Amino acid sequence: MLQENTQPAEPVRRSAKRVIGAVVLVLLGAGLLYVGIDAIADPASVVADSANTGRSADTEAEAKIVGLVMCLFGISVLGFGISLLRANATQGPKPGS
């Protein structure tokens, strides 16, 4: 049952946690993009690094595919982080606060 004098819920205010989370996402996305580009550009280093593990070594084709997937994931995380930063930047302070 709604009363006539109730006010609608206030929109969520921006907070330092949100801004820090957005910055962390941007940094994480940039890191994933860097590692993915590195794996695509130099798959031999990925194959050499995986040869020291207990499982079978990766092939160059696997390294390039995983690098591409990491690039795509990095771009999506980077875009989400930037959109959070933009959303925080466009929200101005509320009047009277």
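The values are calculated or read from the model by the stated rules, or taken from the named source; none is laboratory data. Everything quoted here is computed from the prediction, not taken from an experiment. Using ideal geometry, Cβ is built from the backbone for each residue, glycine included, and neighbour counts are taken over all protein chains shown. Just so you know, the surface numbers come from the protein's heavy atoms only, side chains and all, with ligands and any DNA or RNA stripped out. Shrake-Rupley method; radii C 1.70, N 1.55, O 1.52, S 1.80 Å.
Structure values in brief
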item	result
Approximate spin-label separation residue 18-residue 86, in nm, with each point projected 7 Å along Cα-to-Cβ	1.6 nm
Exposure rank, largest accessible area first [84, 27, 32; 1.4 Å]	27, 84, 32
Order of exposure, largest accessible area first, which applies to 18, 86 with probe 1.4 Å	86, 18
